[in-house]
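What follows draws every value from the coordinates through simple rules; no lab data is involved. As the structure is a computational prediction, the values presented were derived from the model and not from experiment. Every residue, glycine among them, receives a Cβ derived from its backbone with ideal geometry; neighbour counts consider all protein chains shown.
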Amino acid sequence: MSASILDGKMVAGLLRENVSRDVKRWTETGNRKPRLQVILVGDNPGSHTYVSAKTKACLEVGIDSDTLILPDTVSDKELKDTIRQFNNDDATDGILVQLPLPQHIDPMSVIETIDHRKDVDGFHPMNIGRMTTGQPCFRPCTPAGIFEIFNYYSIQTKGKHAVMVGASNIVGSPMAILLSRENDSKATTTICHKYTRDLTRHTIDADILIVAAGSPGLITGQMVKEGVVVIDVGINRVADNQSEKGYRLTGDCEFDSVSKKASWITPVPGGVGPLTVAMLMKNTLLAAKKSIYPV
Ligand code: BQF
């Protein structure tokens with residue numbers, strides 16, 4: 001088999017158009033524009049790139065955004081006091097603290113400081129807890145975006161064996177929860193991580209393989225079954241002197257060998273990444289409309 005491409009970039013474009021239309025409708029009925037507050041700590045180059053992608057998307061769909069840059073020497077208390085100010089600001093609908101944070105700050109305690117009604121990343125324990133029990137919540141953007149890909153391409157997950165490689169709070173854990181629980185999803189779900197012995201024993205049995213391990217080329221063609229659907233969440237910078245930036249982006253799958261056996265596969269870049277950003281737009285609109293947590 002030779003895999004067809006799951007064009008995340010295209011699906012994300014359609015979703016942004018929908019959000020843009022909904023924002024217009026929302027403001028035309030007398031409401032102010034939705035507003036996203038981004039907080040960026042330090043000067044991680046990756047983080048700056050991701051924040052630009054997010055604020056550019058905001059501009060495109062008619063969401064107001066502002067980015068507050070704090071030095072990487074900022075104290076835990078200063079950061080949390082800043083978040084509390086935005087919690088109390090009625091003109092701020094969504095608050096996003098760009099991760100990763102500097103080593104001296106505990107990210108979970110920072111996330112818990114965000115008002116869960118403004119937690120458009122969907123990382124607050126209130127949102128994770130409500131997601132886990134099937135209640136309305138802000139879903140983490142990457143897992144939510146992967147479900148949009150399944151939906152667009154009519155990929156059924158019900159009753160399938162889904163194997164999630166990676167168990168982070170941001171992607172792997174919430175994705176596995178949604179795969180096993182979400183209405184119409186109900187996949188039999190295996191979670192693998194860096195202590196999994198004989199990874200291939202699990203990946204070879206996957207009907208749907210989702211990889212968010214942060215390890216370039218971790219999954220090779222020999223590790224997957226003929227016809228598998230592969231979602232590659234990895235975004236790794238690898239040195240490349242052909243490219244003007246000196247690096248290129250590559251996923252957690254060895255694309256050439258895996259795509260020979262898969263039925264569908266997401267590319268990197270242009271696969272899952274753009275959907276993560278599009279779902280952030282959707283969550284910010286939901287926050288502005290108070291759709292999840294009515295007051
Ligand atoms: C694409 C992220 C690791 C650590 C922290 C489009 C994004 C990426 C790729 C993007 C990511 C990854 C984000 C593409 C946000 C996804 O065209 O392939 C968009 O902006 N992402 C982040 O905010 O923090 C990260 C990955």
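Under the rule a/c < 1.5 gives rounded, and otherwise a/b versus b/c splits prolate from oblate, where does the range 21-79 land using the Cα gyration tensor? Because a/c hits 1.5 or more and a/b fails to exceed b/c, the range 21-79 counts as oblate. For the pair the range 281-295 and the range 194-264, the centres of their Cα atoms are 34 angstrom apart. Computed from Cα positions, the angle between helix 272-288 and the longest principal axis of the chain comes to roughly 30 degrees. Under 5 Å between amide hydrogens, built in the peptide plane, is the criterion, and for Ile219 it picks out Cys253, Glu254 among residues at least 5 positions away or on other chains.
How many percent of DSSP beta bridges within the chain run antiparallel, rounded to 5?
10
Placing a label point 7 Å from the Cα of Lys77 along the Cα-to-Cβ direction, the residues of the range 85-102 whose backbone N falls under 17 Å from that point are 85.
Computed about its Cα centre, the charge dipole of the chain is approximately 660 debye, with only Lys, Arg, Asp and Glu carrying charge at their Cβ.
If R0 is 25 Å, what FRET efficiency do you get for Thr49 and Thr196 from their C-beta distance, rounded to 0.05?
Computed FRET efficiency for Thr49 and Thr196: 0.25.
The relative contact order of the range 71-216, computed from alpha carbon pairs under 8 Å that lie at least 6 residues apart in sequence, is 17 percent.
Close amide H contacts of Ser65 (hydrogens built in the peptide plane, cut-off under 5 Å, sequence separation of 5 or more or a different chain): Leu36. If you sort the three axes of the alpha carbon gyration tensor as a ≥ b ≥ c, you get a/c of 1.5 or more for the range 14-169 and a/b no higher than b/c, which makes it oblate.
From the P(r) of the chain, can you give the percent of Cα pairs sitting at distances over 26 Å?
45
Each residue of the range 171-182 is assigned a 3J(HN,Hα), and the resulting list reads 10, x, 5, x, 4, 5, 5, 5, 4, 7, 10, 3 Hz, derived from the Karplus form 6.51 cos²θ - 1.76 cosθ + 1.60 (θ = phi - 60°), x at Gly and Pro.
Seen through its C-alpha gyration tensor, with square-root eigenvalues sorted a ≥ b ≥ c, the range 114-200 comes out oblate because a/c lies at 1.5 or above while a/b is not bigger than b/c. Counting only lysines at least 8 places from Lys261 when in the same chain, those with an alpha carbon closer than 23 Å to its own are Lys9, Lys158, Lys160, Lys225. For Met1 and Val295, a Förster radius of 45 Å and the Cβ-Cβ distance give a FRET efficiency of 0.30, rounded to the nearest 0.05.
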